[in-house]
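The values are calculated or read from the model by the stated rules, or taken from the named source; none is laboratory data. All figures in this text were calculated on a predicted structure; none of them were measured in a lab. FYI the Cβ positions are ideal-geometry reconstructions off the backbone, even for glycines, and counts take in every protein chain you see. Ligands, DNA and RNA are stripped out before the accessible areas are found, and what is left, the full protein with its side chains, is counted by its heavy atoms. Shrake-Rupley method; radii C 1.70, N 1.55, O 1.52, S 1.80 Å.
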Amino acid sequence: GVILGFFVVFKLDLLTWMQGPILPFLHGHRLVYTHPGDGFSILMQVSIICGIVIALPVVLYQVWAFLAPGLHRHERRVVVPVIFGIVGLFIAGAALAWYFVLPMTLRFMFELGDKAFEQMITVSEYFGFVTSMVLAMGAVFELPIVILLMIIWTMVLAKTRFGNENHRKAAEEML
């Protein structure tokens, strides 16, 4: 997956594409690197992320092939939509971060210190910032799934441990 990700990074010129949100704020300058290994490090980080994304369908299929025989029919009908929900919500969060939150954040940050300081943005700091923001927003968008799983777990615990329907009713009301 990483080797294929390496070729994808080169063929699609992803490193140039990832610089898109910051280019309007550089005023004709380019990102700089201060360490000889920064260029290679960024290339490998982006290649690893691309490799993970490319390999994810195969990994998910292998996990599904392992777990599916142990699930009941009604459980299998629930798992597939949840997996699609997880992937869809993560993509939605990452897209929101890339197209809206990142440009607004960069605009705010550059307007804050634009007049007082000379801008010299390093490649490693920028790519680290972008990666963490996109992954964090994708993870935040997973909260509905986490809440759903917590509610299901609470209903199971309430039913099995306490024999009490109050917890289940409270969880249903939260929905």
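General observations
- Cubic angstrom per residue, convex hull over Cα atoms of the stretch 19-89: 113
- Helix axis angle, 2-11 relative to the chain longest principal axis, alpha carbon, degrees: 50
- Nearest 10 degrees, 0 to 90: helix 143-157 Cα axis against the chain principal axis: 20
- Distance between the pseudo-spin-label points of F10 and R30 (7 Å out from Cα toward the beta carbon): 1.9 nm.
- Cα gyration tensor shape of the stretch 1-42, rounded if a/c is under 1.5, else prolate or oblate by comparing a/b with b/c: oblate
- Over the residues of the chain, the helix contribution to mean residue ellipticity at 222 nm works out to -23500 deg cm²/dmol, using -39500 (n - 2.57) for each DSSP H run of at least 4.
- For the stretch 48-144, applying the loop criterion from DSSP together with a ceiling of 13 other beta carbons within 10 Å to the trypsin sites (Lys or Arg not before Pro) yields K115.
- What a 1.4 Å probe finds exposed on the stretch 36-134 is 74% carbon and sulfur by accessible area, rounded to a whole percent.
- Placing +1 on the Cβ of every Lys and Arg and -1 on the Cβ of every Asp and Glu, with no other charges, gives the stretch 1-144 a dipole of roughly 500 debye about its Cα centre.
- Here the stretch 57-157 yields Rg over Rh of 1.18, to two decimals, using C-alpha coordinates and the Kirkwood radius.
- Rounded tilt (10° steps) of 73-96 against the dominant C-alpha axis of the chain: 20
- Along its three principal directions, the equivalent ellipsoid of the chain from the Cα gyration tensor extends over semi-axes of 42, 23, 11 Å, largest first.
- Computed lengthening from E125 to W17, 0.36 nm per intervening residue step minus Cα-Cα distance: 37.2 nm
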